[in-house]
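In what follows, a structure is listed as structure tokens, so that the remarks can point back to it.
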Amino acid sequence: MSENVDARPSVTVDIPAARSWLFVPGDRGDRFAKAAASGADVVICDLEDAVAVNAKEPARAEVTRWLGAGGVACVRINAQNTPFHDADVSALSGVPGPRAVMLPKAEDPRALSQLSDALGPDTVVIALVETALGLHRAYDLASAPGVARLAFGSIDFALDLGASETPTSMLFARSCLVVASRAARVAAPIDGVTVALDDLSVVEAEAATAAGLGFGGKLCVHPRQVSAVNAAFSPSQEQVRRARQILDSVTGGGAGRLDGQMIDRPVVERARLVLRRAGVEPTPDDRRRS
């Protein structure tokens, strides 16, 4: 049976700004509360890869029961070309808890639009890109009505290409998702999972690489990965301090100079972005600088 949750950090989550997205198997209702208390920005109740075929129906019931009891999550449903997809969508339609639904093997913008219509206006769609065709259509997927973000299924994508999953081999695909998201004016995409469970340095390195490419978050497969991911996609104290210095170095909208470097408008806008991501309110002087 699923558990009632007294404290759910993801209840008020801003989906476009969410950094850490933690998977929990949909047939493990005993883990839902622990996942919600892990510090993850979003919990993903997984009805797809984490659930065996003979457990799909019980998992669906477990997830909808938890959501109906007040749980809040994203739900990864089964792909459109599976026999489980329609039942997943039907079960989630009208349930109050899913803030987002993730569609795996996303390739068809029309399918995303239809999914959004079925779920209603209170639930957004995350398009999980896991195939060459999905990447080829990334802009169209991101532009589909109801889609809030793209996500990268890097393991399945590498399998589809017959490629190894290395930072170099996946660099083009990751960059394409960032560019497509920006061009479609949706939030920065969510990077794929790191399979290393016991070596947090790998999680930290891969999350930092993704953040540097322009991703806005990362999928997690274990609660111990959450804090490293949150840190990677949040400005550090040093970055906040530097942003303040940059804003202090310019006056009247003109270019400035700091530590031997020219500070012009793009650098100033970047500094403001750092402060916004850090949740730092601009001072009146900051607002006047333009």
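Relative contact order of the chain: what whole-number percent is it, with Cα pairs under 8 angstrom and at least 6 residues apart? Answer for the chain is 14 percent. For a label point 7 angstrom out from the Cα of Asn81 toward its Cβ, which stretches of segment 138-180 have the backbone nitrogen within less than 17 Å? Label zone hits: 138, 153, 156-162.
Using +1 on the beta carbon of Lys and Arg, -1 on that of Asp and Glu, and nothing else charged, what's the dipole of the chain about the Cα centre, debye to 20?
The dipole of the chain has a size of about 1100 debye.
Note on Leu200 and Ala52: with the Förster distance fixed at 35 Å, the Cβ-Cβ geometry gives a FRET efficiency of about 0.75.
Look at Met262, Met170, Met102 and count the other Cβ atoms within 10 Å of each Cβ; fewest to most, that gives Met262, Met170, Met102.
Could you please report the charge total around Val229, scoring K, R as +1 and D, E as -1 over all other residues with beta-carbon less than 11 angstrom from its beta-carbon?
On the way: positive: Arg19, Lys218, Arg224; negative: Asp41, Asp191, Glu204, Glu206.
Within the 11 Å Cβ shell, the charges total -1.
Is the C-alpha gyration tensor of the chain telling us rounded, prolate or oblate? Criteria: a/c under 1.5 is rounded; beyond that, a/b larger than b/c is prolate, otherwise oblate. Kindly include the intermediate steps, with their values, before the conclusion.
Details: a/c = 1.89, a/b = 1.68, b/c = 1.13.
Prolate is the answer for the chain, as a/c is 1.5 or above and a/b outweighs b/c.
Take the Cα of Leu161, step 7 Å toward its Cβ, do the same at Glu269, and the gap between the two points is 3.0 nm. Taking label points 7 Å from Cα along the Cα-to-Cβ direction, Ser169 and Ala69 give a separation of 4.3 nm.
Taking label positions 7 Å along the Cα-Cβ direction at both Arg244 and Ala231, the computed distance is 2.2 nm, reported to one decimal. For segment 24-110, the set of trypsin sites (Lys or Arg not before Pro) satisfying both a DSSP loop assignment and a count of at most 15 other C-beta atoms within 10 Å is empty. Placing unit charges on the Cβ atoms of the charged side chains and taking the dipole of segment 15-233 about its Cα centre, the candidate lying farthest along the positive direction among Leu197, Gly71, Pro58 is Gly71. Counting neighbouring beta carbons within 10 Å and listing from fewest to most, the residues Cys176, Cys45 come out as Cys176, Cys45.
Applying 0.36 nm per residue to the separation of Asp259 and Ala278 and subtracting their alpha-carbon distance, the gain on full extension is 4.5 nm. Helix 200-213 and the long axis of the chain differ in direction by around 70°, with both axes built from C-alpha atoms.
For segment 130-159 versus segment 52-110, the inter-centroid distance based on Cα atoms is 18 Å. Ordered by the number of other Cβ atoms lying within 10 Å of each residue's own Cβ, fewest first, Glu48, Glu107 fall into the sequence Glu107, Glu48.
Scanning residues 5 or more positions from Met102 or on other chains, those with amide H under 5 Å from its amide H are Val75, Arg76, Ile77, Ile126, with H placed 1.01 Å from N in the peptide plane.
Every read-out reported here was derived from the displayed coordinates using simple, explicitly stated rules and does not represent laboratory data. Treat the numbers as computed from the prediction; the structure is a model and nothing was measured. Reconstructed Cβ throughout: ideal geometry from the backbone, glycine too, with neighbour counts over all protein chains shown.
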